[in-house]
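Below: one structure, written as structure tokens.
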Amino acid sequence: MGPPERVVAFAPGRVNLIGEHTDYNGGFALPFAIDAGVRVRASALGERRISAVAADYDGERDSYSLGAEAPSPGGWRSFVRGVSAELAAEGLPLRGCSLAISGDVAVGAGLSSSAALEVALCLALLALADADVVPPWPLARICSRVENEWVGAQTGLLDQLASICGRERAAMLIDFHSGVIEPVELGLGAWRLVTLDSGGRHEHAASGYNARRAECQAACVALGLASLRDLEAGMLSRLPSPLEQRARHVFEENARVLAAVEALAAYDLEALGALLDASHASLRDLYEVSTPEVEATVATLKAAGAAGARVIGGGFGGHVLGLMPPDAVAPQGAMEVRPGAGARVLER
Ligand code: GLA
């Protein structure tokens with residue numbers, strides 16, 4: 001049997017339960033994949049060209065020869081061109097094809113629509129070329145190079161790994177230092193997790209994110225550390241402001257991730273809620289990635305009875321996560337989120 005003539009791949013967005021801005025600092029995070037995501041249909045063409053259309057973005061087409069991806073055109077086209085260029089740079093096989101991209105995960109709103117797009121494109125292109133499966137970490141790295149070099153956001157590997165490794169009923173404890181990924185059962189009983197959009201994404205989201213990442217790097221240089229994972233509490237006072245606050249957030253957030261795993265194991269959802277609140281306070285006061293819209297959204301969720309509420313993803317806008325006790329009524333516009341299966345080829 002030769003390679004397939006047509007494949008369909010799907011990759012989900014993600015919600016990060018806790019562990020924000022820890023991924024690029026060799027720390028811990030506890031994300032889960034959600035049901036919403038991006039679907040890519042790839043049909044083989046008789047020439048070494050990609051012709052792509054994205055119905056849910058602008059409905060326009062991009063067409064280019066494989067090997068002639070650069071320069072990065074911007075928007076969703078940068079993801080398509082970046083993925084085919086980076087797969088080729090890895091020596092992975094590629095075939096010319098037409099791509100139809102569609103999705104139901106909000107774009108640019110902290111639910112990782114970008115990672116879902118990158119991962120779905122990779123899976124579709126690799127399946128169409130009958131390539132061997134690429135394991136999670138190398139696949140996530142290929143996707144993050146697309147983000148870093150073709151899109152210009154210096155993001156880490158959290159979103160891609162969450163999308164690739166998602167499982168029903170479980171969050172994933174990711175250790176970005178050892179590379180170990182373990183499922184952690186999300187036993188919520190009658191409690192629910194909801195997300196509520198804070199409104200528009202701020203224009204400086206990418207530059208603010210890149211600036212935070214640079215500050216963490218500067219903190220490492222100042223302390224002579226390879227990564228903030230090696231930070232000890234006693235070192236914090238040696239850092240100037242705002243590096244001290246940034247590093248303190250990362251240090252304490254790592255501990256909160258491990259505490260959240262324990263709270264889940266004990267089905268102690270009040271304790272989990274308190275950890276979400278503490279994570280948010282730290283993202284607001286120490287990491288400084290909140291906005292007035294995000295604060296208003298957190299307040300709305302708390303007023304509705306949320307046991308905990310926090311901004312998710314890079315910050316500077318986007319969705320807020322709320323943990324709702326059984327008797328609480330989620331505010332209007334809130335969407336329930338549950339852990340769903342990871343990225344997969346749906347048809348081949
Ligand atoms: C964005 C990035 C991730 C991660 C989070 C913050 O979602 O893409 O790599 O750094 O922000 O935790």
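The values are calculated or read from the model by the stated rules, or taken from the named source; none is laboratory data. Just so it is clear, the structure is predicted and the values come from calculations on it, not from any experiment. Here the Cβ is made from the backbone with ideal geometry for all residues, glycine too, and neighbour counts use every protein chain on show. Side chains are part of the model used for accessible areas, which takes the heavy atoms of the whole protein and leaves out ligands, DNA and RNA. Shrake-Rupley method; radii C 1.70, N 1.55, O 1.52, S 1.80 Å.
Numbers for the structure displayed
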read-out	value
Test set (1) under 19 Å from the mean Cα position of the chain (by Cα); (2) touching a residue at least 60 places away in the same chain (Cβ under 8 Å) - GLU293 fails condition number	(1)
Subset of segment 118-142 [open to solvent by 40 Å² or more (accessible area, probe 1.4 Å) and in a helix (DSSP H, G or I)]	PRO136, TRP137, PRO138, ARG141
In segment 71-105, the residues that are open to solvent by 30 Å² or more (accessible area, probe 1.4 Å) and in contact with a Gly (Cβ under 8 Å, 6 or more places away or on another chain)	SER72, ALA88, GLY103, ASP104
Looking only at segment 99-142, and only at residues there that are more than 18 Å from ALA55 (Cβ to Cβ), among the β-branched types (Val, Ile, Thr) and more than 15 Å from the ligand (Cβ to nearest atom), the one that is modelled with the highest pLDDT	VAL134
Strands (runs of 3 or more DSSP E) completely within segment 245-348 that count 1 or more residues being away from the ligand (no atom under 14 Å from the Cβ) and crowded, with 22+ Cβ neighbours inside 10 Å	308-311, 319-324
Matching strands (runs of 3 or more DSSP E) fully within segment 6-106 where at least 3 residues are aliphatic (A, V, I, L, M)	6-16, 31-44, 49-54, 97-103
Candidate set: segment 1-49, residues that are under 19 Å from VAL184 (Cβ atoms) and among the aromatic types (Phe, Trp, Tyr); chosen: the one surrounded by the most Cβ atoms within 10 Å (Cβ to Cβ)	PHE32
Criterion: more than 30 Å from MET172 (Cβ to Cβ) and touching a strand residue (DSSP E or B) at 6+ places or on another chain (Cβ under 8 Å) - qualifying residue of LEU30, LEU17, LEU128, LEU66	LEU66
Hey, ALA226 part of a loop (DSSP other than H, G, I, E, B), open to solvent by 20 Å² or more (accessible area, probe 1.4 Å) and of a type in the set (A, V, I, L, M, F, W, C) or not	yes
ALA115 being in contact (Cβ under 8 Å) with a residue 24 or more places away in the chain, part of a loop (DSSP other than H, G, I, E, B) and either among the hydrophobic types (A, V, I, L, M, F, W, C) or buried (at least 17 other Cβ atoms within 10 Å of the Cβ) (or both)	no
